[in-house]
Amino acid sequence: MITDQALIIRVLNGERNSFAPLVSRYQNYVFSIAVQIVKNRDIAEEVSQDVFMKVYKSLASYDGKSKFSTWIYKIAYRTAIDHYRRIKHTSDLDLVAERVNNDEGRKGAENKDLRSNIEKALDLMKPDAAAVLRLYYLEEQSVQELCEILDLSLSNAKIKLFRARAALKKIMEQYFKNEINTFKYAD
């Protein structure tokens, strides 16, 4: 497998078709970040396209000090947040909670799965807090990588992670109390 760095060098040397493997490698990650922030698959696809356009245009500015994945996640995060702010997405807690309740009714027992409830709880959170948790736990980014992606100091990243965990816990306790009790006391 050709490394990211080798593909980047090829693209910078004029081999435009070498950009496609980079897109293939990172498109799912970029899309997942976007969809979790903008909460709309169509807009997330648009965000993903914007991200890869930005990556292509600014590839020469990638200095290699951080992993390429960290650099691209940072662009994806910022682009998605910008889109979110522009469209003034209505992520009103009550509307999302209503959607979760409707999903519970339609899908029944399959939504009682803990991971499913965590995903729903993340959807109820502010996009930046949910993004911190997704990057750290689901995308397995280190705290240092969070600092680079979110452009934060180490202490600020730790505080955001701590607060995001607390917010997730509160939402889980509020909206998924029965499922948590079932999970806690299961033999």
| note | Taking alpha-carbon centroids only, segment 28-51 lies from segment 151-170 a number of Å equal to 23 Å
| query | Okay, which of segment 13-42 sit inside 14 Å, backbone N to the point 7 Å along the Cα-Cβ direction of M1? | reply | 21-29
| request: Please list 154-163, 47-56 highest first by mean number of surrounding beta-carbon atoms within 10 Å per residue. | output: 47-56, 154-163
| task | Report the local net charge at D151: Lys and Arg +1, Asp and Glu -1, summed over other residues whose C-beta lies under 9 Å from its C-beta. | result | +1
| request: Could you calculate the contour length gain from A20 to E45, that is, 0.36 nm times the residue separation minus the distance between their Cα atoms, to one decimal place in nm? | output: 7.4 nm
| query | Taking square-rooted eigenvalues a ≥ b ≥ c of the alpha carbon gyration tensor, is segment 4-87 rounded, prolate or oblate, where a/c under 1.5 means rounded and, failing that, a/b exceeding b/c means prolate? | reply | prolate
| task | Using 0.36 nm per residue of separation minus the Cα-Cα distance, give me the extension gain between K170 and S61 in nm, one decimal. | result | 35.2 nm
| For segment 4-87, what is the relative contact order in percent, using Cα pairs closer than 8 Å and at least 6 residues apart in sequence? | 33 percent
| field | Packing rank of 58-64, 27-33, where each peptide gets the mean count of other beta carbons within 10 Å, highest leading | value | 27-33, 58-64
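Bear in mind that the values in this text are calculations on the coordinates, not laboratory data. All of these numbers come straight from a predicted model, not from anything done at the bench. Backbone-built Cβ (ideal geometry, glycine too); neighbour counts: all protein chains shown.
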